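Step one of this worksheet: look at the structure below.
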Amino acid sequence: LATEMAENEKHHVADASSQVSNDYDINHNENKQSETNAIMTNVESNNNEIPDNTMSLESSRKMVRRTRLIKVFNTVIFLLILIIILTVVPGEKTTGYHLVAYTIGLNYLVGAGYFLSILFGSKHLHLIYVKRKHIEGFNNFVAPQCTIVDKEHTIKSVSALTATFGSNIHGLFSRSAYASVGAAFTAIIIQFNENETSLETKDRIASILMIIGIFGNGLYGTWELEGPNNYLSTMMHYSCAPLIFILQTLAYAIKADWSVLSIVLFAVGLVLDIFYVIILYRLPETSKNLKEVHKISFWCITSEFAALTIPCFSVVLFVYGLK
């Protein structure tokens, strides 16, 4: 009898422990679900910003495969044109600076072509940004967690589109920015070393301004945008704007002795910059009309892109004119 009572007690204890464990698992899962729902509710209540899960898995896979093919195409075209630049283009009067300028121009051209394919191929441009997360077990390492979208909020700058962390366009433009910085830096430093005593004062000033201006490309490539509430990354990223839009064009104008071409580039650049700033602040940030959101976003990005082509031309012409 005592033995049976002891065994029954053990079974009761085991059943009670199992019930407690099950209750804990249920409560734990309910708490996790509640936390997830709270987070989702908080995100959704923040200006209609929600994680982007609208695209089907199959459509997403097709787009990823397509971007891979485009990357292969860009790589092949870049290499072919680079071979032509290095083998066919050089002549008696061609210098190394000319070849570097051609390469920088090709670098800009590939990035511009891909960006325009996104801009003109998109049917609904709107606010996007990427939340990031820490990967357990890794130190100083973060990866994309999810993409936050707000279809009623406009996206008004080239940077807001191209500096989206983890995107293919961010990777392309970052590498393009670093390549232009390295090529222009190298060309200017070589000029300083080869003409240390004979370099005119205006050329020294222009070269220093161009080095500072081209550093803006490095800032652009280094600091991606991390959402509207991350003020440090936003400030550091957009600090590149005056360096790129003003100093690069100004450096070329000084070096060219304010030639007609340099004056035209500088004046057109200023007009486009002013026009972009006006529509940036005059046009509404949000709209319930999704077509209007796309239209505003498209024209803001297009106007800034047009303004951005001016310093790109200036860098190429500056390096081309080095002696």
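Note the full-extension length gain between residue 143 and residue 264 as 0.36 nm times their separation in residues minus their Cα-Cα distance, in nm to one decimal. Working shown, then result.
Working: separation 121, 0.36 × 121 = 43.56 nm, distance 4.40 nm.
Computed gain between residue 143 and residue 264 is 39.2 nm.
Pairs with C-alpha atoms separated by more than 18 Å, drawn from the list 62/151; 133/156; 123/151; 202/323, are 62/151; 133/156. Applying 0.36 nm per residue to the separation of residue 222 and residue 109 and subtracting their alpha-carbon distance, the gain on full extension is 38.6 nm. Given their separation in residues at 0.36 nm each and the Cα-Cα distance between them, residue 70 and residue 57 gain 2.7 nm when the chain is fully extended.
Specify whether the C-alpha gyration tensor of the stretch 226-292 places it in the rounded, prolate or oblate class, a ≥ b ≥ c being the square roots of the eigenvalues: rounded for a/c under 1.5, otherwise prolate if a/b is larger than b/c and oblate if not. Oblate, since a/c reaches 1.5 and b/c is not below a/b.
Each value in this text was obtained by applying a stated rule to the coordinates, not by laboratory testing. This one's a predicted model, so the numbers in the text were calculated from it and none came from an experiment.
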